[in-house]
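Have a look at the structure below, then the notes.
The values are calculated or read from the model by the stated rules, or taken from the named source; none is laboratory data. Please read these numbers as outputs of a predicted model, since none were measured by experiment. Note that we place each Cβ from the backbone using ideal geometry, even for glycine, and neighbour counts take in every protein chain shown. SASA here: full protein model, heavy atoms, side chains in, ligands and nucleic acids out. Shrake-Rupley method; radii C 1.70, N 1.55, O 1.52, S 1.80 Å.
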Amino acid sequence: MIFEEQPVLAMGGHVVTWVSAVLLGMAGLLPQSPQTPKPASFSPSVSISLPPAVRSETVQIEYLLIGPFGGYGGYAAQRTGVHSYEIPTTVGGKAATELRLIIYAPDCEVQTFAIPLAEDSKVKQAFSCQRVETVALSGQIVPNELVRNNRAELVVTYMAYWAHGFYGISDGIVTEFRLATVSPDANGMFQVDLPYFSADASALSSQRRASFRLMLRDSKTWNPITYNLEPDVPELRLEDHSLRIRSHYPDGLKFTGGPL
């Protein structure tokens, strides 16, 4: 198609041409580079897929997002009957550049993941259960008056002090995972099988890498009766009253009530 320039005198003595106006109008009709529009509901995230043998309601996930907002920690609320957990990777509208995960499931080793993130991306990460050995802990809570109302229950928690180093922080709330809940008998006797995390057991005695915390609480109200039950064997006790992780514990190990 041929366009013929027809000068038109505009106000102020400036000359424009119809052909220029036509070409500018046609520019919007030219084909553009193809772009895939994102749905309105799109949100960057990381999806953690679970193995079929692991029940989703038993999985515990703690994480730290790193980005232009600094650091943002959180956890995934436990859900029943799902095959994966979705973790949003934006904070205040800003996309994270990295996600650091710590995942625990019963009978499995604790696993860590450091996942670099691209802006506006959805990432998939598989969690595979690496079986862990167990260690039996049989003990007695003294004085047994603490458990005589028949409503006391013992909660054992894994305290991961090493998580600060993994997250790249020097201080903050200690990452913890619930391991077991058992009911002592009227004499304060209990027995529970706990995961044997060999890396924690081999740590130097002067290091506080990880430990087991034993808390006694009311089974109805969940109010703590004793926040820290400490073992009466000094070699098995850390400064914070918690129990060192070992491959073996003596039978009938006594635990006394510490401060709330």
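Of the whole protein surface, R148 contributes about 140 Å² of accessible area at a 1.4 Å probe radius.
Per-residue surface analysis assigns K254 an accessible area of about 80 Å², computed on protein heavy atoms at 1.4 Å probe radius. Rounded, prolate or oblate: which fits region 91-183, taking a ≥ b ≥ c as square roots of the Cα gyration tensor eigenvalues, rounded meaning a/c under 1.5, else prolate when a/b beats b/c? Because a/c hits 1.5 or more and a/b exceeds b/c, region 91-183 counts as prolate.
Among 219-225, 178-184, the peptide with the highest mean count of other Cβ atoms within 10 Å heads the list, and the full ranking is 178-184, 219-225. Accessible area of I169 (1.4 Å probe, protein heavy atoms only, ligands and nucleic acids ignored): about 70 Å². Placing pseudo-labels 7 Å out from each Cα toward the beta carbon at A136 and N149 gives an inter-label distance of 3.2 nm. Overall form of region 70-119: prolate. Here a/c, set by the Cα gyration tensor axes a ≥ b ≥ c, is 1.5 or more, and a/b is the larger of a/b and b/c.
Give me the Kirkwood hydrodynamic radius of region 175-260, using the inverse of the mean 1/r over all pairs of distinct Cα atoms, in Å to one decimal.
Working: mean 1/r = 0.0721 Å⁻¹.
Kirkwood hydrodynamic radius for region 175-260: 13.9 Å.
Amide H contacts of G257 (H built 1.01 Å from N, in plane; Pro and chain starts excluded): V142 sit under 5 Å, all sequence-distant by 5 or more or on other chains.
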